[in-house]
Amino acid sequence: MPLEASARIVSELTSRGYNAEREAVTQLTSADDPQAALERVIDTLPEDALVVRTDHVQAALAAAGSATHSSGQNAASEATDPPVSTGNRAQNPPATDTAAPVETKGSPGVERSVDLERRSLEIAGDMTGDSTGTGEYSDFVSVFRDRLERLGSKLRGRVNHRPATAIQNMPGGGEVGMVGLVNDIRSTASGHWLVELEDATGTFPWLVMKDREYADLVGELLCDEVLAMEGTLADDSGIAFVDSMYFPDIPRTHDPSTADRHVQAALISDVHVGSQEFMHDAWNRFTDWLHTKQAQHVEYLLIAGDMVEGVGIYPDQDEELDIVDIYDQYEVFNEYLKQVPGDMDIVMIPGNHDAVRLAEPQPGFNEDLRAIMSAHDPQIVSNPSTVTLEGVSILMYHGVSLDEVIAELPEEKASYEEPHKAMYHLLKKRHVAPQFGGHTRLAPEEQDYLIMEDVPDIFHTGHVHKLGFGKYHNVLAINSGCWQSQTDFQKSVNIDPDAGYAPIVDLDTLDVTVQKFS
Ligand code: D5M
Ligand code: FE
Ligand code: ZN
């Protein structure tokens with residue numbers, strides 16, 4: 001019953017520029033004459049209203065003397081008040097007032113779980129406005145020093161380590177350990193591997209023999225990641241033979257936090273509004289679904305980058321653009337966001353198609369773009385950032401480095417078909433973009449914002465347009481798909497995108513269900 005009716009009401013409201021709370025839609029749907037009720041609500045809405053709320057609906061229905069069903073009692077007491085008189089102040093806050101919808105909770109008789117008072121949303125690691133990098137050589141030195149210091153501290157207790165320059169002066173034949181950044185990886189003429197580690201004092205070469213069990217791990221290494229090695233020094237102390245390797249890693253005992261009520265989050269990315277391939281029908285079905293009872297527990301929406309298609313991102317991209325102006329793309333994206341129930345909290349980070357600097361970390365959008373995307377008052381933070389929802393921490397990162405992980409690692413360890421496995425390697429390295437100088441551009445800052453200092457409960461990425469999820473040492477890794485059907489470029493390189501899916505996470509159990517809208 002209500003799915004179709006509520007979808008009609010939502011699309012009617014959005015076509016007139018309004019966003020609606022789910023409960024308001026439910027009430028309209030169950031009015032005697034939904035269409036007439038909707039017209040009345042629109043007629044009586046305060047001029048500056050962006051969101052249609054339950055109190056607007058109740059007041060409009062009551063004023064018309066046709067208060068229906070269970071909410072009639074509530075509305076009756078306000079019936080004599082013209083809704084506009086109270087509307088401007090209390091019910092129509094400026095878009096920046098996040099606390100506003102609290103007054104709608106718990107209307108009797110409507111079966112909804114939305115409980116705004118139990119919500120909590122905290123942000124950590126948002127570097128927007130804190131960029132200090134000037135791109136000078138000294139910034140590169142500080143960012144790598146910070147990386148070695150902080151990731152190294154997760155390893156120093158595990159090996160008996162010495163600085164690179166001290167190792168060269170130790171007597172040959174002894175046991176030795178080192179913590180460093182991978183500076184170079186090459187194979188030797190005899191098929192062994194030479195891994196050069198660098199620390200603050202210098203570099204030292206470590207030889208991994210091809211028949212040792214650790215040889216397989218060499219295939220996983222990326223330049224600039226931090227690890228520790230232990231082994232035996234050669235007689236002349238010019239090289240060491242590796243006996244063991246240690247990664248910063250996620251402890252196997254990691255026990256993720258969960259929410260203490262049944263509440264869900266939709267984790268999506270790569271909307272690509274403005275592309276001819278943007279799947280508006282799938283998006284409309286998704287947002288219609290969010291208004292249904294089946295989605296009543298979905299209270300959070302996280303968007304991990306590539307809101308719009310952007311301009312000038314790839315050669316000949318303009319031939320596939322539906323909207324050629326970048327600001328127009330964000331305006332239209334904002335219209336699509338309005339379809340999301342007004343009582344949901346939205347968090348978003350930029351991606352490589354968005355209008356922010358390409359180098360990572362990417363600060364959240366500037367004031368102009370924030371103003372354009374303001375209808376739903378989303379939390380806009382940097383790529384990467386960590387958002388904690390009711391105790392569950394979610395590291396959001398767009399995912400450009402996944403292309404690199406997939407290109408560098410053997411197929412069975414990381415592939416586009418199983419993007420979550422590529423994410424496992426980032427978790428193991430405790431860094432979202434270890435390798436510098438390839439696809440992933442790095443903006444050197446005083447500190448390395450790309451380190452995973454704390455273990456997240458969930459790691460959310462996108463970018464590769466493939467859906468995949470799984471657990472690594474109890475951390476849930478989810479790569480969301482996209483809302484863009486296959487582009488010509490993707491056809492040419494055989495990328496078959498997973499488009500029009502929304503993974504939904506139960507925050508109380510960390511279980512995932514996938515909703516398909518394409
Ligand atoms: O990235 C979507 C995926 O497709 C990601 O894995 C990169 C890849 N991609 C898409 N277009 C190109 C071009 N022209 N060159 C290289 N790689 C590409 P997205 O960020 O959505 O474009
Ligand atoms: Fe994308
Ligand atoms: Zn991308």
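The values are calculated or read from the model by the stated rules, or taken from the named source; none is laboratory data. None of these values were measured; they are calculated from a predicted model. Every residue, glycine as well, gets a Cβ built from its backbone with ideal geometry; the counts of neighbours run over all protein chains shown. With ligands, DNA and RNA removed, areas are computed over all heavy atoms of the protein, side chains included. Shrake-Rupley method; radii C 1.70, N 1.55, O 1.52, S 1.80 Å.
Here are some notes:
- Straight-line cross-link reach from residue 466 at under 12 Å between alpha-carbon atoms covers these aspartates and glutamates, not counting any fewer than eight positions away in the same chain: 270, 403, 417, 418, 496, 498.
- The share of accessible area on region 155-246 that comes from carbon and sulfur is 48 percent, using a 1.4 angstrom probe.
- Peptide packing for 480-491, 315-326 was compared via the average number of neighbouring C-beta atoms within 10 Å per residue; ordered from the highest value, the list is 480-491, 315-326.
- Violating pairs (Cα-Cα greater than 30 angstrom) within the set 210/429; 210/428; 210/413; 293/429; 293/421: 293/429; 293/421
- Within the chain, percent of DSSP bridges classed antiparallel, to nearest 5: 65
- Sequence-ordered 3J(HN,Hα) estimates for region 260-267 from the Karplus curve with 6.51, -1.76 and 1.60 and θ = phi - 60° stand at 9, 8, 7, 8, 10, 10, 9, 10 Hz, glycine and proline given as x.
- Per the Kirkwood formula applied to alpha carbons, the chain shows a radius of gyration over Rh ratio, Rg over Rh, of 1.06.
- With all protein chains kept in place, the per residue accessible area of region 155-246 amounts to 44 square angstrom at a probe of 1.4 angstrom.
- Less than 5 angstrom separates the built amide H of residue 343 from those of 22, all sequence-distant by 5 or more or on a different chain.
- Sequence-distant residues sharing a close amide H with residue 466 (under 5 Å, placed H): 498
- Structure-based [θ]222 nm, the chain - -39500 (n - 2.57) summed over DSSP H runs of at least 4, per residue, nearest 500: -7500 deg cm²/dmol
- Taking the accessible area of region 461-518, probe 1.4 Å, and keeping the other protein chains in place, the carbon and sulfur fraction comes to 46%.
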